[in-house]
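What follows draws every value from the coordinates through simple rules; no lab data is involved. Note that the structure is a prediction, hence the values are computed from the model and not measured. Backbone-built Cβ (ideal geometry, glycine too); neighbour counts: all protein chains shown.
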Amino acid sequence: MKKKLLARRLSVSAPRMTVRRHVPWPLRMASLALAAAVGAAGGMLVWRTVFDVAAIEHERLRAELTRLDSRVADESAERQRIAASAVSAESQVLIERAAAARLEQQIKALEAENAELKVDLAYLESLLPAADAQGPVAIRRFEVEPEAVGSNRLRYRALLMQAGRKERVFSGSLQLLVTTLSQGRTKILTLPDDGPAEARERMKLSFRRLLRVEGHFEIPQGAALKSVQLRVLERGTLRAQQTASL
């Protein structure tokens, strides 16, 4: 057995031995400290580099955010300005549409009145005598009606014409004889003599061929209207008269 162990130790398969140089432990500690210092310095350098890059990126992002905030504010102001302009433009369009509608109504009213005047003129011309001699003034379509149901304020209208074809300016005035009944007593009001002073100016006449007249008058409260007669006067002389059908 001892021979086998001795032969194994002396053979090629025997374990190898490594011879290392002895290094004192202070030198080892110094080497480790140096390696640690180099590693720490490298780590600090890397951290500083990363920190500087992060700081630069942070400032860039803040500047970009400020620019975007300013742009958003500008866009909001522009949007508000456009919205205000749109509202103003829409209001202007509505005003113009309303004005156009009113103008269209006025045009239709004028066209209707013009057509009515043409009909009246044709009718009146058919009534004119063939002679050119001057004749009396004629009253046509004399009507009286209350302005409202049960109201003591009444409105009248009539059409005046000169009977002759020769044109001349007729100057005169209107007169109303209003007959009322109150408490069994009949009373006749002569207008404008018994009316307000400004009624005299309203009832003056000046026309050539025809004239449409209209106005209003009041009767006493509680009085019943019996009749209304319209007169045309020229220098105090009666030229025409007509009583309205009530």
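In whole angstrom, note down how far apart the Cα centers of region 97-123 and region 173-237 are.
Taking the Cα centre of each part, region 97-123 and region 173-237 sit 29 Å apart.
Could you work out the local net charge near E143, counting Lys and Arg as +1, Asp and Glu as -1, over the other residues with Cβ closer than 9 Å to its Cβ? Provide the component values of the computation, followed by the final result.
On the way: positive: R141, R155, R157; negative: E145.
Surrounding charge for E143 is +2.
What number, in nm² with one decimal, is the all-direction average of the projected area of the convex hull of the alpha-carbon atoms of region 137-243? Each step should come with its number before you reach the end.
Working: hull surface 27.3 nm².
Convex hull of Cα atoms, orientation-averaged projection: 6.8 nm².
Dipole of region 137-243 (Lys/Arg Cβ +1, Asp/Glu Cβ -1, origin at the Cα centre): which of N152, L238, S182 lies farthest to the positive side?
So the residue furthest toward the plus end is L238.
Ranked highest first by the average count of other Cβ atoms within 10 Å around their residues, in what order do 229-235, 58-64 fall?
Working: 229-235: 16.9, 58-64: 10.0.
Top to bottom by mean Cβ count within 10 Å: 229-235, 58-64.
What residues have an amide H closer than 5 Å to that of R239, excluding those fewer than 5 places away on the same chain, when H is modeled at 1.01 Å from N in the peptide plane?
For R239, whose amide H was placed from the backbone, the distant partners under 5 Å are V232, L233, E234.
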